[in-house]
Amino acid sequence: MINLNEYDFELSTINKDPEFGYKPEYREYKMLSGKIRRDTIGHRFIAKISYAYLSDTEIGYLVALLQAQKTTGYVTAEISTPHEGTFTGPVFLEVNETQKRYAYDSVLARYVWVNWEIILTGTEVEAL
């Protein structure tokens, strides 16, 4: 389940290997000796989801999400993960802007753009 602001992004065009997990967050500071110390303060949720292609409607949903993020500062997500259960909370939404034009679809009378990738990063650090 991948819900972003009530839009269902568990689409049939999702690629095989979406990534879900937590990355460690650090606080770094420099010691008088010149060494850098790094203390782990928690973990932040991150998801990388790629799609083979998106329809015009799905691209419209993505644009709507980006517009909503401009006003609220975040997007609300509900995502099922394999190990930690369901993540629910605010995330930052990024879209990889390097799509490729694949082919001209004569039925749709437009080019099909492929290799869409969205990156979701949790707004809050979860304490250890």
- Message: If each residue of separation counts as 0.36 nm, what is the full-extension length gain between ILE119 and MET31 once their alpha-carbon separation is subtracted?
- Response: 28.2 nm
- Note on the structure: The correct ranking of VAL114, VAL125, VAL107 by accessible area at 1.4 Å, largest first, is VAL107, VAL125, VAL114
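Sequence gap of 8 or more, or different chains, plus Cα separation below 21 Å: how many lysine pairs satisfy both in the chain? All intermediate terms of the calculation are to be shown ahead of the outcome.
Values: LYS16/LYS48; LYS16/LYS100; LYS23/LYS48; LYS48/LYS70; LYS48/LYS100.
Counting lysine pairs in the chain gives 5.
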- Message: If each residue of separation counts as 0.36 nm, what is the full-extension length gain between GLN67 and LEU128 once their alpha-carbon separation is subtracted?
- Response: 18.7 nm
- Query: Near MET31, within a Cβ-to-Cβ distance under 14 Å, what is the net charge of the other residues, with Lys and Arg +1 and Asp and Glu -1?
  - Reply: +3
- Message: Can you tally the net charge around GLU78? Count Lys and Arg as +1, Asp and Glu as -1, for every other residue whose Cβ sits under 12 Å from the Cβ of GLU78.
- Response: -3
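Scale the Cα Rg of the chain by the rule-of-thumb value 2.2 N^0.38 Å and send over the ratio, two decimals.
Numbers: Rg = 18.0 Å, N = 128, 2.2 N^0.38 = 13.9 Å.
Against the empirical 2.2 N^0.38 Å value, I get 1.29 for the chain.
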- Task: Kindly report, to the nearest 10 Å², the accessible surface of ARG27 as traced by a 1.4 Å probe over protein heavy atoms only.
- Result: 130 Å²
- Item | Neighbour net charge for VAL91 - beta-carbon separation under 11 angstrom, K R +1, D E -1 | -2
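The values are calculated or read from the model by the stated rules, or taken from the named source; none is laboratory data. Nothing here was measured: the structure is a model prediction, and the numbers come from that model. Note that each Cβ is placed from the backbone with ideal geometry, even for glycine, and that neighbours are counted across all protein chains shown. With ligands, DNA and RNA removed, areas are computed over all heavy atoms of the protein, side chains included. Shrake-Rupley method; radii C 1.70, N 1.55, O 1.52, S 1.80 Å.
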